[in-house]
Structure formats: C-alpha cells, structure tokens
1. Per residue of region 13-21, what does 6.51 cos²θ - 1.76 cosθ + 1.60 with θ = phi - 60° give for ³J(HN,Hα)? Whole Hz please, x for Gly and Pro, Karplus curve as stated.
2. Which shape class applies to region 10-123: rounded if a/c is under 1.5, otherwise prolate when a/b exceeds b/c and oblate if not, where a ≥ b ≥ c are the square roots of the Cα gyration tensor eigenvalues?
3. Normalising by the residue count of region 126-247, find the relative contact order in percent from Cα pairs under 8 Å and 6+ residues apart.
4. Can you pull out the trypsin sites (Lys or Arg not before Pro) in region 126-184 that DSSP calls coil and that have at most 10 other Cβ atoms within 10 Å?
5. Write down the percent of antiparallel bridges among all DSSP beta bridges whose residues are both part of region 126-247, to the nearest 5.
6. Ranking 51, 219, 196 by Cβ neighbours within 10 Å, fewest first, what do you get?
7. Counting only DSSP beta bridges with both residues in region 10-123, what percent are antiparallel, rounded to the nearest 5?
8. What is the count of Lys pairs in the chain whose alpha carbons sit under 16 Å apart, if the two are 8 or more places apart or on different chains?
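Coordinate-derived values only; no laboratory data. These numbers come from a predicted model, not from an experiment. Note that we place each Cβ from the backbone using ideal geometry, even for glycine, and neighbour counts take in every protein chain shown.
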Amino acid sequence: MEKTFPSAGKLWLVGAGPGDPDLLTLRAARLLGSADIVVHDGLVGEGVLALIPPHVERIGVAKQRSRHTMKQELINELLVRETLAGKQVVRLKGGDPFIFGRGGEELDAAREAGIACEVVPGITAAAGCAAQAGLPLTHREDASAVSFVAGQCKDLSDQDWSGLAGHGRTLVIYMGIATATAIADKLIADGVSPGLPVAVIERGTTADARVLRTLLTDLGDLVSREAVKSPALIIVGKVAARADALDCLGAPGVAEKLGNFA
Ligand code: SAH
C-alpha cells in the first residue's frame, strides 16, 4: 500500500563509501547534485564533499578531532525538521549508513515522524579498505566467515569476543585503535593463536593510506610504534597475510613468521 507523507520533502540516508570519491554509488553522486541540504559527518572525505554544488546548503555535524559533535537526538531533530519543511535532505555518512553508522536510529526517527525516507547503501570500510590492500576477507583456503565488530565499547567485556577469530574466520574491528592492546589480549585469552596475522589499514582508499601487517601478539605495540590514527581498521585472520602491505619489521621474527602464512 502506498504511504502518504505530510510533506513533499524526503530524507535520504546515504553511504559515502570509505573515502575515495570514485567509490560513491551513482545514486549517491546524483543525490548530492539534487539535494537542498546535505548533513554530513566527520568521516566523509574532502573529495566527496567537493562534489556538493555550491548552492546546496551543507551542515557538518561531527568534525573529526573536534569536540563539537552534535548529539544524535539533535541530528535526528534537524533531519526531521528540514524534511518537514519540504526539503530534499541528504544525510551523508562514511561507508555504509547501517554499519556502525547510527543510520538505524535516524531511520527510526524518520518513521516516528512519518516522513519519507530512503536508504542508499555505501561501500563499508571493511570491504573498501580490504579490496584496496589486496586482502580478500573470505578465501576458499583461509576463511569462510567474516565478522564486523566495534572495538570502542565502553567496557570491552560488553562484547563477547569468543569464536570471532581463529581457524577459518576473519575478524574486522572498526574503531579499535585506542583499545587494540586490550582486544589482542582478549582474543589470545580466548585461545586465538598469538601468531595469527593481523593487518591494520589507516585512511584506506585515500591518497595517504597505510597498510601494516604484523602478528596478533604484536598488535598493540605496532599501533603505538607506528602512531596509527583513526580512522583505521584492524583485520585479524589468516587472510591478513595476503595483504599488499608493509610488514612490521620492528618486532623480531615477525616478517619470517608472516612468510609462513603467505
Ligand atoms: N559507517 C562506516 C563506519 C563508521 S565507524 C562504514 O560503513 O565504513 C568509524 C570507523 O570506521 C573508524 O573508526 C574506522 O575503524 C572505520 N573506517 C572508516 N573509514 C575508514 C578508512 N578510510 N580507513 C580505515 N578505517 C576506516
């Protein structure tokens, strides 16, 4: 049954992909050109923002490395208010809106307010960054399951880490740089081999991307030694040894051990 909505406005929850503007969907690119207003978060790259025509109103709601981050409730209110005013509102988010993007909350707010809302998927960081690094997240020989997990939970014990990594599995950790050491310790305590390969991908798909490889036991040290900054992903599993990456030469024996996995 066709729904009727109180205004002609519409809200679009749009994925911007992992950084490289060439990885936008055609639908996302078209919407950026036809929107009345674009509300974007801090992860959306400059190259993507440059595609927004100058006459389109632009609101940044979360600047990276800034404390001026708008609360989610205020963002929801803003989106609903502008849509009810009859505008075509694009809510632009890094990666995919429904993977650690709070898109689900914004869709709930739209449904509650009775406004028209459509979701436009984006390439999530795991898929985009792994592809760029030549790292297959699944592989007939190495992994038939892959998990996406957030590493930034208030208390790491809120997350059940058991069974997420190890034989035949790939674990991709978003937002895990600050907690990398604790995550590695948890996984090893859960029985995951300390010698399992790990790849860390910083600012994947952008001009200054870095891909680093090491072993699980060395993950925390690698992150501090190389001063890895967010946004970055941690990929744990045998497939990580396939990444086209700089090996972490600082830790004794790592390069040779990684060679055994390749
Ligand atoms: N909705 C986004 C994820 C938002 S959570 C998506 O689908 O990709 C933010 C986290 O995503 C970052 O902390 C980082 O772990 C990851 N991330 C996003 N863009 C990235 C990039 N270009 N390179 C590496 N990691 C990235």
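1. The phi angles translate into 9, 10, x, 9, x, x, x, 4, x Hz.
2. rounded
3. Dividing the mean separation by the residue count of region 126-247 yields 33 percent.
4. In loop regions of region 126-184 (DSSP not H, G, I, E or B), the sparsely surrounded trypsin sites (Lys or Arg not before Pro) are 140, 154.
5. 65
6. 51, 196, 219
7. On the way: 2 of 21 bridges.
Percentage antiparallel, nearest 5: 10.
8. For the chain, the number of qualifying lysine pairs is 7.
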